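Reading through the structure tokens given below for one structure.
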Amino acid sequence: GVNPVDWKAVLNGYFNPPHILGSDIAGVIEATGNEVKNYKVGDEIIGSLEWAKQGAFAEYVATKEQFITHKPANLSLKESAAIPLAALTAWQGLFDHGNLQAGQKVIIHAAAGGVGLFAVQFAKWKGAYVVATASERNIDFLKSFGADEIIDYTKYTLTQRTNNADVVL
């Protein structure tokens with residue numbers, strides 16, 4: 001998968017060439033080390049590599065077991081490649097940093113984007129009230145994913161439509 005942070009890292013000179021970029025992986029395990037417990041050769045997996053090491057744009061990668069999980073059975077490898085970094089970013093923002101709890105109100109900016117769409121679903125799963133910002137063309141789309149309110153940011157400022165949020169992502 002290619003994320004905005006991947007190409008922005010190049011534009012901003014975060015990594016010095018030569019460097020193989022990329023965080024998200026989706027593929028089939030070719031070999032495992034002696035200490036690997038939960039995976040075997042032939043397993044389809046997805047994951048997000050360590051940020052400082054990168055390397056997902058290579059044909060083969062080596063990573064630690066903690067950075068992968070089994071690929072969802074109902075998705076192709078290509079579809080699954082879009083999951084890891086976006087889902088991890090949403091999870092960390094909502095729960096690790098935002099400490100979102102059931103019954104709280106969360107505002108999710110850019111809710112129809114990669115991170116935002118995972119955040120809407122995670123927040124609903126947790127039992128939060130979800131206020132999403134998006135353009136008018138994505139209102140029905142976000143409602144279908146469970147957003148309780150959608151604010152069209154092209155027509156309104158956030159404070160014209162809502163207040164008193166517990167978490168803002």
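Quick notes on this one:
- Other residues lying with their Cβ under 11 Å from the Cβ of Leu88 contribute a combined charge of -2, Lys and Arg counting +1, Asp and Glu -1.
- The chain: calculated mean residue ellipticity at 222 nm from DSSP helix runs of at least 4, using -39500 (n - 2.57): -6500 deg cm²/dmol
- Too-long pairs where the Cα-Cα distance tops 22 Å, listed order kept, from Lys71/Lys105; Lys64/Lys126; Lys105/Lys143: Lys71/Lys105; Lys64/Lys126
- Of the solvent-accessible surface of segment 1-45, computed with a 1.4 Å probe and all protein chains present, 54% belongs to carbon and sulfur.
- Packing here is the average count of other Cβ atoms within 10 Å per residue, and on that basis the peptides 157-166, 39-48, highest first, run 39-48, 157-166.
- Cα gyration tensor, segment 103-169 - rounded (a/c under 1.5), prolate or oblate: oblate
- Karplus 3J(HN,Hα) series, Hz, for segment 111-122 with 6.51 cos²θ - 1.76 cosθ + 1.60 (x for Gly, Pro): 5, 8, x, x, 5, x, 5, 5, 4, 4, 5, 5
- Working note: Karplus 6.51/-1.76/1.60 with θ = phi - 60° gives segment 76-81 the couplings 6, 4, 4, 5, 5, 5 Hz, where Gly and Pro are set to x.
- Local net charge near Lys71, Cβ-Cβ under 10 Å (Lys/Arg +1, Asp/Glu -1): -3
- Loop-located trypsin sites (Lys or Arg not before Pro) in segment 56-150, at most 13 other Cβ atoms within 10 Å (DSSP): Lys64
- Entry comment: accessible area of the chain is 61 Å² per residue, from protein heavy atoms only and a probe of 1.4 Å.
- Rounded to the nearest 20 debye, dipole of segment 33-80 from Cβ charges on Lys, Arg, Asp, Glu: 40 debye
- Segment 8-115: relative contact order in percent, alpha carbon pairs under 8 Å with at least 6 residues between: 25 percent
- For Val168, the residues 5 or more places off, or on other chains, whose built amide H falls under 5 Å of its own are Ile107.
The values are calculated or read from the model by the stated rules, or taken from the named source; none is laboratory data. What you see is a predicted model, and the numbers here were worked out from it, not measured in a lab. Methodologically, a virtual Cβ is constructed for each residue, glycine included, from the backbone with ideal geometry; neighbour enumeration extends over all protein chains shown. Quick note on the areas: whole protein, heavy atoms, side chains included, nothing else; ligands and nucleic acids left out. Shrake-Rupley method; radii C 1.70, N 1.55, O 1.52, S 1.80 Å.
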